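Just so it is clear, none of the values below were taken in a lab; they were calculated from the coordinates. Here the structure is a predicted model, which means the values were calculated and not measured. Note: ideal-geometry Cβ built from the backbone for every residue, glycine included; neighbour counts use all protein chains shown.
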Amino acid sequence: MARTELQNLTISEAAGLLERRALSPVELTEAVLQRIAVVDKKLNAYITTCGDQAREVAQAAEKMIRAGYHLGPLHGIPVALKDNIYTRGVRTTAGSKILGDFIPAEDATVTARLKRAGAVIVGKTNMHEFAWGGTTDNPHYGTCRNPWNPERFPAGSSGGSGAAVAARTCLGALGTDTGGSIRLPSSVNGIVGIRPTIGRVSNHNVVPLAWTMDTVSPMARTVEDCVLMFGVIAGHDPLDDHSAQVPVPNYVGELTRGVRGLRVGLIHDYSLAHVQRAVGDTVRAALKTIESLGVEVEEIAMPSIQGNISAQLTIESCEPSTYHQEWLRTRATDYGEDVRTLLELGEMYLATHYLQAQRYRSVLRKEFLDGFKRVDAFVTPTLPFTATPCGATTVVIENGQEEDMLSAIMQFTGVPSLAGLPALSVPVGFDAEGLPVGMQIIGRPFDEGTLFRLGHAYQGATDWHTRAPSV
C-alpha cells in the first residue's frame with residue numbers, strides 16, 4: 001500500500017490487515033514515523049518521539065504475528081500517549097519544565113495495558129502545562145496547532161493527542177480529561193474522544209490535575225476505534241484506590257445493537273443556548289439525523305445546571321494547588337505564567353468554597369440521575385464555539401461580546417466532569433471556515449456502551465469522520 005493509504009487507515013481497518021498478514025507492523029509504524037517527521041514541524045503535536053523504540057517493538061510484533069501469536073486489535077497499531085502518562089524509560093514531562101528530565105521507572109497502568117495488547121507507542125504528545133488549561137499554548141515546548149488550520153488552537157489540555165490523531169501521525173492516542181481535556185480537543189480537531197465514568201479507567205502513575213475529576217481515555221478517528229482502545233484500558237486496577245470494581249462489558253458487541261427506541265434528552269434552556277450560530281445549527285442537524293435512526297428526543301428541565309462553571313473552577317483550582325503546593329513555593333519561576341497564576345489563585349479559596357462546590361456536585365448528579373429515568377443520554381455541543389486563533393485568551397460566542405476563554409471552554413464539558421458521568425464527543429460537521437464542530441453525548445454511570453452505540457450509529461449515517469485535514 002502507498003504511504004498515504006497507510007496513514008489513512010483506521011485502527012479497525014489496520015487491525016484486520018495486520019491479523020491477515022496483508023500488512024506489516026513495521027511498514028505501518030514506519031509510515032506513521034515518516035508522517036510525524038514531515039507534519040509535526042508545522043503542528044508541534046509531540047514533545048518526545050520514540051522512533052527507535054517503536055521500530056523495535058514493531059519488529060517484535062511482526063515476528064509474533066508470523067509465529068501465530070496475535071494479541072488482539074491493537075497488536076502492531078501505532079499510538080501516542082499524552083505526556084502526563086508514565087512511560088517506563090521514556091521522558092514524561094507533563095508539559096512542564098519542572099518534570100522536564102523526569103524518566104519514570106515504571107509504566108502507568110494504562111500504558112502497561114496498551115503494551116500487553118501489542119500497541120506500538122510512537123511518542124508522547126504536547127499538552128497544556130500540567131494539564132491546567134484548555135489551549136496547549138505551551139511555554140516550554142511550544143504551541144501546538146490545529147491541523148485543520150495551523151493558525152487555530154487544538155484546544156487542551158490534550159491538544160497534542162487531538163492534533164496527532166487528526167493529522168494521521170498516529171492511529172489513536174490517550175489523553176486525560178478533568179474538565180474536558182479529551183472532549184475539547186476531540187471537538188475542534190474533528191475526532192472522537194470519550195471521558196469515562198470516574199473509576200472506570202485507572203489513574204495509577206498519571207500526573208494528576210484534580211484528583212476527584214481526573215480520567216484517562218482514548219481519542220481516535222472513529223467510535224469503533226475508540227471502543228477498541230477503551231476495551232483494553234478499562235477495568236479495575238488494584239494499584240488505584242479509586243478504581244471501580246465494576247465489570248467491563250463487551251463494548252464491540254454493543255455497537256451492533258442499534259439505537260432504535262433509545263431516548264435522548266436536551267436540557268431546557270441549556271443544551272442549545274449560548275452557542276455560536278454554526279455550532280447550534282450543526283448540532284440541531286445532527287439531532288435530526290439521530291431521530292431518523294429511531295431515537296426519540298425530548299427536553300428536560302435541570303434547574304441547578306447553571307451553577308456548574310463556578311463549581312468546576314473552584315474544584316479545579318483548589319485540588320491542583322494542593323498537589324503543586326511545594327513546587328509553587330520552591331520553583332515558582334519554572335511555571336508558565338498562566339499556570340502559575342491559576343495555582344496561586346487556587347490557594348486563595350476558602351474551605352467553605354471548596355465544600356460548597358462539592359455539595360453542588362451531589363445536587364447536579366442527583367438531577368442527572370433523575371433525568372436518566374426518562375432518557376438514556378443527554379446531548380449538548382461539546383464546545384459552544386469552534387477553534388479560536390492560537391494565543392487568544394477571549395472568545396466571542398454571541399452578540400459580539402468577548403468572554404474569558406477558560407470559562408467559555410467549560411460551558412458544556414464541565415457538567416459530566418462534576419457529576420462523574422461518562423461523555424462522548426463525536427464530530428458532527430464544520431463551520432463556514434472549515435473548522436470542526438463536536439457534539440457531546442452524556443450517559444449514565446458506567447454506561448459508556450450506550451454512548452458508543454449512539455455515536456457509532458450516527459457515524460454509520462454520516463461521513464464527517466472520514467474527512468481529513470489537508471496539512
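Tell me the residue from Arg260, Arg329, Arg284 that is part of a loop (DSSP other than H, G, I, E, B) and farther than 27 Å from Arg361 by Cβ, please.
Criteria check complete, one pass: Arg260.
Working carefully through the options Glu347, Glu398, Glu402, find the one that is out of contact with any Cys (no Cβ under 8 Å at 6 or more places or on another chain), under 17 Å from Ile315 (Cα atoms) and surrounded by fewer than 18 Cβ atoms within 10 Å (Cβ to Cβ).
Answer to the check: Glu347.
Among the residues of the stretch 270-277, is there at least one that is of a type outside the set (Asp, Glu), under 25 Å from Thr212 (Cβ atoms) and touching an Asp or Glu at 6+ places or on another chain (Cβ under 6 Å)?
no
Could you tell me whether the stretch 415-434 includes any residue that is in contact with a His (Cβ under 9 Å, 6 or more places away or on another chain), crowded, with 20+ Cβ neighbours inside 10 Å and either at positive phi or touching a residue at least 40 places away in the same chain (Cβ under 8 Å) (or both)?
yes
Being among the hydroxyl-bearing types (Ser, Thr, Tyr), free of Cβ contacts under 8 Å to residues at least 40 places away in the same chain and buried (at least 24 other Cβ atoms within 10 Å of the Cβ) is the requirement here; does Thr111 meet it?
Criteria not met by Thr111.
State which residue is farthest from the chain's Cα centre (by Cα) when the search covers only the stretch 149-170 and only residues that are crowded, with 24+ Cβ neighbours inside 10 Å and farther than 18 Å from Ile36 by Cβ.
Taking the candidates together, the pick is Phe153.
Filter the stretch 287-298 down to the residues that are closer than 16 Å to Ile442 by Cβ and surrounded by 14 or more Cβ atoms within 10 Å (Cβ to Cβ) and list them by number.
Leu287, Ile290, Val295, Val297
For the stretch 334-357, which positions are assigned to a helix (DSSP H, G or I) and in contact (Cβ under 8 Å) with a residue 60 or more places away in the chain?
Within the stretch 334-357, Asp334, Glu337, Asp338, Val339, Leu342, Leu343 meet the criteria.
Return the residues of the stretch 80-97 that are in contact with a His (Cβ under 8 Å, 6 or more places away or on another chain) and not polar (S, T, N, Q); say none if nothing qualifies.
Once the filter is applied, which keeps residues that are in contact with a His (Cβ under 8 Å, 6 or more places away or on another chain) and not polar (S, T, N, Q), the stretch 80-97 yields Gly95, Lys97.
I'd like to verify a number: residues in the stretch 6-52 that are in contact with a strand residue (DSSP E or B) (Cβ under 7 Å, 6 or more places away or on another chain) and assigned to a helix (DSSP H, G or I), how many?
Here the count works out to 8.
Condition check ((1) of a type outside the set (S, T, N, Q); (2) touching a residue at least 60 places away in the same chain (Cβ under 8 Å)) across all residues:
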| position | (1), (2) |
| --- | --- |
| Gly68 | yes, no |
| His75 | yes, yes |
| Thr87 | no, no |
| Val90 | yes, no |
| Ile121 | yes, yes |
| Gly134 | yes, yes |
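Ala357 passes all but one of (1) over 23 Å from the mean Cα position of the chain (by Cα); (2) exposed (fewer than 15 other Cβ atoms within 10 Å of the Cβ); which number fails?
Every listed condition holds for Ala357 apart from (2).
Return yes when Thr382 is within 20 Å of Pro218 (Cβ to Cβ) and surrounded by 23 or more Cβ atoms within 10 Å (Cβ to Cβ) and no when it is not.
Taking the combined requirement at face value, the residue satisfies it.
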